[in-house]
1. For the chain, take the longest principal axis of its alpha carbons; what is the angle in degrees between that and the long axis of helix 17-27, to the nearest 10 within 0 to 90?
2. Explain nothing, just compute: Karplus ³J(HN,Hα) = 6.51 cos²θ - 1.76 cosθ + 1.60, θ = phi - 60°, for every residue of the range 213-224 in order, whole Hz, x for Gly and Pro.
3. So what is the relative contact order for the chain, in percent, with contacts set as C-alpha pairs under 8 Å and at least six apart?
4. Kindly state, to the nearest 0.05, the FRET efficiency for Lys413 paired with Ser232, given R0 = 45 Å and r defined as their beta-carbon distance.
5. Grab the Cα-Cα distance for Asp310 and Asp444, subtract it from 0.36 nm times how many residues apart they are, and report the gain in nm with one decimal.
6. Determine, for each peptide in 327-337, 46-56, the mean count of other beta carbons within 10 angstrom over its residues, then list the peptides with the highest first.
7. Mind checking the full-extension length gain between Ser423 and Lys336? Use 0.36 nm per residue of separation minus the Cα-Cα distance, one decimal, nm.
8. In the range 442-469, which residues have a backbone nitrogen under 19 Å from the label point lying 7 Å from Asp393's Cα in the Cα-to-Cβ direction?
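Rule-based calculations on the coordinates, nothing more; no lab input. Small disclaimer: the values here were computed from a predicted structure and weren't measured. A quick note on method: Cβ atoms are made from the backbone with ideal geometry, for glycine too, and the neighbour counts reach across all protein chains shown.
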Amino acid sequence: MREWTREERYRVLHSADEIAELHDRNAKSVYRQTYHVQPITGLSSDPNGFVLYKGTWHLCYQWCPWGAVHGLKYWYHATSPDLIHWNNAGVGMWPDTEYDNKGCHSGSAITDGKELYFFYTGNHRDENWVRTPYTCAAIMDAEGALKKLPEPLFGPRPDYSEHQRDPKVFYIAEKERYYIFIGAQTLDGKGCVQVYQSKELLSGWEFAGQLKVPGYEDFGGMWECPCIQNISGKDVLLFSPQYTKLPGRGESTNHNVYLIGHMDYDTLTFTPEGDYQYLDFGFDYYAAQLASNVGDPDKAVIIAWIGLPDNHYPTEEEDWEGSMALPRELRIVDGKLVQAPMAGISELRDKELPADGTLPAAGELEVTLDGKDAELHLFCKADGTGGMNLYYDAAKGVVTVDRTGMNKRFNTKVFEVLDMPLSKPLTNLRIFIDRCSVELFANDGEATFTTHLYPTEEEFHFTATDNVTVKGWTYKPSVKDDFVV
Ligand code: FRU
């Protein structure tokens, strides 16, 4: 693993020429995605500013141009007509003001019906590397460029630690107010959400208080990327708690969870109905963000980073890593979120897979099961050994995913085997394979499992027990590696 100095990580990008060679090199990787949004060079992490505006989806991501390292973060901007085909639109936000001198960190977007606004964290550090996070805003102009407001909307509160970031902005009609949720950490190291409110979008912001979440006063050390949305009359609060281990998540200290309950904006209390639940049971799913302005009270649209903070991935050797997960539609069924890929994704189906047990480098599998014990060995060698293996135990109602058999192993000390619990017998799986990722949707999305995976040439085979039927297709590409800076 390459060691980066602080100077290298925080080097400022002045012109596209400085990364043109890196882009060419990255674009040649066999692990380049073909229908997932990925960094034009270097590293992508959190999705930011995800919104539907005048018929176009806008999605930015945290981007570090220089390589597979977390350093000076930019917002890179991509657009899509349908959440399936994506265009590179160029750098959305450059860390070029005093307030964001060490990075434009995560945030969200909102439209008032006329303009499109982006809210982000200006990550300021002084010469002693002391951090001051500012909540800042930008407006998209007629050419699609994100123009920053000259001054932040507000700075950090002194009665919290330096961890105050990731503004999620939204409007509550009954209150005739805009709100911002900020992911934060108390001075005694507890994760929480700060709530700000204003009648106007770009001024008048005041601290309303800390969100009360009964039962969650001591749940992780920092709640990154909080989000809230009402779906079918229930409020869904999601966030990424850090600095804590949670049951069934191996040695990982980064998670993405949600609560379903009721949000009272008078008392700033979110009352959960039932326990927290994992958004995804896989190894690599983090910092999920709900899209703004979806316009359907019964569904939400979500996207997340395939990757985790602190983890390392094999393409680091090639100086790039990370990609976005597929956008998903969320609904509430039986007290939990049911997640589905966008219906239009099947338009990418190209050739049907031959019945010889080979896997596509990019494509989809439709797997039918009978609810009884079953095994599916994906990405094994021609002789059936190795691979990423799925074991369904019907008595326990659990699918165990074990990737220890892969040639390229990674994050071995964090986890390589995880369980995906199901509430119904397993009857179907949709599996989306792209060059360096696999996403499983079990039982029409009652549970999902997302992971990076880096199969080598000899590993594109699968085998399964007799009660498993697999149908599959290769996919037409829907992202381009255009070098737009
Ligand atoms: C989550 C996160 C955010 C922060 C951003 C910086 O992965 O740590 O809290 O804004 O990444 O890149």
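1. 30 degrees
2. After applying 6.51 cos²θ - 1.76 cosθ + 1.60, I find 10, x, x, 10, 6, 9, 9, x, x, 6, 9, 7 Hz.
3. Working: 1325 pairs, mean separation 70.3, N = 485.
Computed value for the chain: 14 percent relative contact order.
4. Numbers: r = 41 Å, r/R0 = 0.90.
E(calc), rounded to 0.05, equals 0.65.
5. On the way: separation 134, 0.36 × 134 = 48.24 nm, distance 3.15 nm.
So the chain would gain 45.1 nm between Asp310 and Asp444.
6. Working: 327-337: 17.6, 46-56: 21.5.
Taking the mean over residues of other Cβ atoms within 10 Å, the ranking is 46-56, 327-337.
7. Values: separation 87, 0.36 × 87 = 31.32 nm, distance 1.06 nm.
Extra length from Ser423 to Lys336 when fully extended: 30.3 nm.
8. Taking a point 7 Å out along Cα→Cβ of Asp393, the residues of the range 442-469 whose backbone N falls under 19 Å are 447-449, 465.
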